[in-house]
1. Would segment 522-534 turn up any residue that is surrounded by fewer than 22 Cβ atoms within 10 Å (Cβ to Cβ), small (Gly, Ala, Ser) and at pLDDT 80 or above?
2. Cβ-Cβ distance below 7 Å, separation of 6 or more or different chains: which pairs start in segment 629-648 with a residue that is within 11 Å of Arg565 (Cα to Cα) and of a type in the set (Phe, Trp, Tyr) and end on one that is modelled with pLDDT under 80 and in a helix (DSSP H, G or I)?
3. Does Ala503 qualify as being at pLDDT 75 or above, closer than 13 Å to Trp298 by Cα and open to solvent by less than 60 Å² (accessible area, probe 1.4 Å)?
4. Could you say whether any residue in segment 66-88 is of a type outside the set (Ser, Thr, Tyr), touching a strand residue (DSSP E or B) at 6+ places or on another chain (Cβ under 8 Å) and part of a helix (DSSP H, G or I)?
5. Would you check which residues across segment 465-489 are of a type in the set (A, V, I, L, M), surrounded by fewer than 19 Cβ atoms within 10 Å (Cβ to Cβ) and touching a residue at least 40 places away in the same chain (Cβ under 8 Å) and list them?
6. Pull up segment 1-18, narrow it to residues that are under 12 Å from Asn67 (Cβ atoms) and charged (D, E, K, R), then point me to the one that is modelled with the highest pLDDT.
7. Would you confirm whether or not segment 425-440 contains a residue that is touching an Asp or Glu at 6+ places or on another chain (Cβ under 9 Å), farther than 22 Å from Ala139 by Cβ and open to solvent by less than 10 Å² (accessible area, probe 1.4 Å)?
Amino acid sequence: MANPSGGAREFTLRALLLGLVMAVVLGAANAYLGIRAGQTVAATFPAAVVAMVVIRRLFGGSLLEENIARTTASVGEALAAGAIFTLPAFIMAGSWESFHYLESTLLMLVGGLLGILFVVILRRSMVNDPGLPFPESVAAAEIHRAGQGASGGRLLFRMMGVGAAIELLKNSKGIQLFSDRIAGAFGYGSYQGAVEVGGQSFGAAAQPGIFPFSTPAASPAYLGVGYIIGFRLAALTFSGGVFAWWFMIPGILFFNPDFADAGRLAATGADWSEVSSVVWGELVRPIAVGAMIAGAVWTLLRMRKSLAEGLRRSFGELKSGGATAGTEEKDRDIPFSWTAAGVVALVIPTFFLYNYYTGQPLGALGSAIVMIIAGFFFSAVAGYLVGVIGSSSNPVSGLTISTLLLAALLMTFLGVRGAEGVAAVLGVAAVVCCACAVAGDMLQDLKVGQILGGTPFRMEWAEIIGVVFASLFLVVPMMLLHQGDIAAGGAGIGGEELPAPQAGLMALLSQGIVGGDMRWPLVVFGIALCLFFILIRAPSPMLIAVGMYLPLQTTFAIFVGGFFRWITDRRAASLPTDRRTLAENAGTLIASGLIAGEALMGVFLSGLAVWEFQLPILVPMPSGIPGFLVFALLGWFLISIPLRHARR
């Protein structure tokens, strides 16, 4: 693709330094937010805006320098997501008393670098796939391009203001702008705590109620993603949520006497919404994980030709010692020989670390093999999902759970049990989780670079430097949070103030499987369910499984965004082709601004939380009406404004 910036500079020191600073800041903010609320904020959009302001406005730099700064910065958030899903599990499972700096840094470093090296192999087959829309990549590219056009820039930044304002009004996790009850109006759910059902105590952290339309997720970012990917893909994702919440959960509550025992519910004080959330988290999600495992295999089988072509080109580079013959500068990657050597070099220290955990060389070798195979396999799947639905909705934790299941089964087979087996399982999961998160983020960045005319191998080196730098710092905020909470009389990671829900699930699964009490029938049922989807030729079994795994308010908001896109396209169908293009471009700018605005405000609010700045409670008794009003407002923006631009 032609370079819109001509011969402008690209990989510069100022762009790299700005990206490294943003990587640490955004990564630390997301580590805090993820441990406290189980959520992270995509850094691609705020990084793009900051890069545009600093590089272009202050220094008069080029578009490609902005791209390098954003690419370097976004890796911090991706690495933080992989870390907070797994590293706190070591403490929650009892393997560590506190965070081990060297081990944590090594796990993040190996996982992040492996994700980058795997993407070097996968880039050509995925970035060039016309069937992958890369919605957030398109949005990020529009943010960069908007700086060159006054009209588009005004529209973009106005929508960023709208998205930021809505995020400010609906945020209730740790900031308390409104009371916790505002969460019900905007779809976060209101229940947090433990429910005793069937003689067992289950934890449920901010899950949706069984009636989703009473708690709509009025998220500008989710609606923006749905608008960009279109109605079909948004509907497929939502169908998985509908199947889980309106078919599977009612069926389980009807046929399972433990969950349906009204007397037991009355005794524990739980209501049906709380119990349905437990059913979703403890029963439906493992089924969805099994379906995602089978869907991952099916996805790679369907991609086998393009993946084989990517591998063929990479091996061609290995034979030639560099780029293949005829490869243009703008399509050149890090040489495959360097990539292969890097993978081998990373396996060696990881083997010794796993041997330290298990005390058994055979178990360490098996763990290292599982790490490499699962890392490459799920990095490819993560990249595919990012290409379809964007990194914000990429179910990295689900892919990590799949890896954890494989590693735990291997440890059980080899006889590695107890604390040693749990530590080895979590070590494999940590590396693969970081690899998947970074791989998805990097493929998104590389797609942005392709749109803007960036050079792949320069972006790849920027990501490598970003991973190395961020790995040295990201464990520090987690250590401070844990020790600070203990000093204040709390329980640290896993306690009331720092629940770390995803890591808690990893700890629970690793202990359960290695201890021999894992509910394998649920996973096997999920695999059979995905096979059923494949046999009836469902359009995308993987997306349906993802919809089952994600919270329903998330998939519902994505679906509403896709529905708004369908209305816009229908109303613009009678216009000439050039007018339809204007409507499409304006809609993309609006959706991009909404995504970026919410992301920027989310990072800002998480920064306030780090400094323990308490905003006032302005509305003590909010109702659910604002959520529906926000949907109507966003629908007006996403439908009327693009059509107005087209007709004007």
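1. yes
2. none
3. The answer is no for Ala503.
4. Yes, there is a match, as at least one residue in segment 66-88 is of a type outside the set (Ser, Thr, Tyr), touching a strand residue (DSSP E or B) at 6+ places or on another chain (Cβ under 8 Å) and part of a helix (DSSP H, G or I).
5. Ile465, Val468, Leu472, Val476, Met479
6. Glu10
7. yes
Condition check ((1) of a type in the set (Phe, Trp, Tyr); (2) at pLDDT 85 or above; (3) buried (at least 22 other Cβ atoms within 10 Å of the Cβ); (4) out of contact with any Phe, Trp or Tyr (no Cβ under 6 Å at 6 or more places or on another chain)) across all residues:
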{"site": "Phe90", "(1), (2), (3), (4)": "yes, yes, yes, no"}
{"site": "Leu102", "(1), (2), (3), (4)": "no, yes, no, yes"}
{"site": "Ile116", "(1), (2), (3), (4)": "no, yes, yes, yes"}
{"site": "Arg123", "(1), (2), (3), (4)": "no, no, yes, yes"}
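The values are calculated or read from the model by the stated rules, or taken from the named source; none is laboratory data. Worth saying up front: this structure is predicted, and the values here are computed from it rather than measured. Cβ atoms come from the backbone with ideal geometry, glycine included; neighbour counts cover every protein chain shown. Ligands, DNA and RNA are excluded from the accessible area calculation, which covers all protein heavy atoms including side chains. Shrake-Rupley method; radii C 1.70, N 1.55, O 1.52, S 1.80 Å.
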